[in-house]
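First the structure, in the form of structure tokens, and then the observations on it.
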Amino acid sequence: MASKIFGIHVVQSVLDKNPKEITGLCLQDNYAKNRKLSSIVKQAKELNINVTVFQRKVLDEHVSNANHQGVVAFVDSSRAPLAENDIDSILESVSGSPLILILDQIQDPHNLGACLRTAKAAGVDVVIAPKDGSVSITPAVIKVACGATDTLPYIQVTNLARTMKKLQDMGI
């Protein structure tokens, strides 16, 4: 599934953790004035990632005027989204008591991104949310999460109450 990500921190995170997912990089024409953007360009070129330079207004159009911070990356993530039945294997891999964040009715992508970023910093092992009435992972969520979407499992379930009961039956 091809998509766009944008923002210095999220692009840097993908470059560091999953560089093969990046199929192309678009930079604002004045990137050389920014040390972080220059570092991203250097790393991308070392990884043989195609880098194209555009004026700011072109990048603005690519991301519907979102705050791209001068960088937009095209990614091809072949990772399948996690499903309800993945909860068991994730929890089995946790040593000690798992820390789970359960979210309900988070509809704003910025709020979900902030929750994921904070959950990662707090050491949460998995984030669970319902499929209905909650936002999924979008480019805005990825940007606000600052890399947490790459490493923190986010699972959307059909029935949140049933999942919570299952967790309770597991002794959580």
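Bear in mind these aren't lab numbers, they're just calculated from the coordinates by the rules spelled out. These numbers come from a predicted model, not from an experiment. Reconstructed Cβ throughout: ideal geometry from the backbone, glycine too, with neighbour counts over all protein chains shown.
For this structure, a couple of remarks:
- Residues whose amide H falls under 5 Å from that of residue 102, counting only those 5 or more places apart or on a different chain, are 128, with hydrogens built in the peptide plane.
- Each peptide in 97-108, 6-17 gets a packing score, the mean of other Cβ atoms within 10 Å over its residues, and the list from highest to lowest is 6-17, 97-108.
- Legend: residue pairs 4/165; 17/45; 17/165, Cα-Cα distance threshold 26 Å; pairs beyond threshold, 4/165; 17/165.
- Note on the chain: dipole from Cβ charges, positive end direction compared against 91, 40, 122; the farthest Cα belongs to 40.
- When the Cα gyration tensor is reduced to axis lengths a ≥ b ≥ c, the ratio a/c is 1.5 or higher for region 1-81, and with a/b not above b/c it is classed as oblate.
- Of the peptides 150-160, 135-145, the order by per-residue mean of other Cβ atoms within 10 Å, starting with the highest, comes out as 135-145, 150-160.
- Region 86-169, dipole about Cα centre (Lys/Arg Cβ +1, Asp/Glu Cβ -1), debye to the nearest 20: 160
- Placing dummy labels 7 Å off each Cα toward the beta-carbon, the span from residue 104 to residue 54 is 4.2 nm.
- Extension reserve of the residue 161-residue 17 stretch, reckoned as 0.36 nm per residue once the Cα distance is removed: 48.4 nm
- Toward the positive end of the charge dipole of region 53-172, with +1 on the Cβ of Lys and Arg and -1 on the Cβ of Asp and Glu, the farthest Cα among 71, 142, 155 is that of 71.
- This model, with +1 at the C-beta of Lys and Arg and -1 at the C-beta of Asp and Glu, gives region 1-83 a dipole about its Cα centre of some 220 debye.
- Point-charge dipole on Cβ atoms (K/R +1, D/E -1) for the chain, about Cα centre, debye to 20: 640
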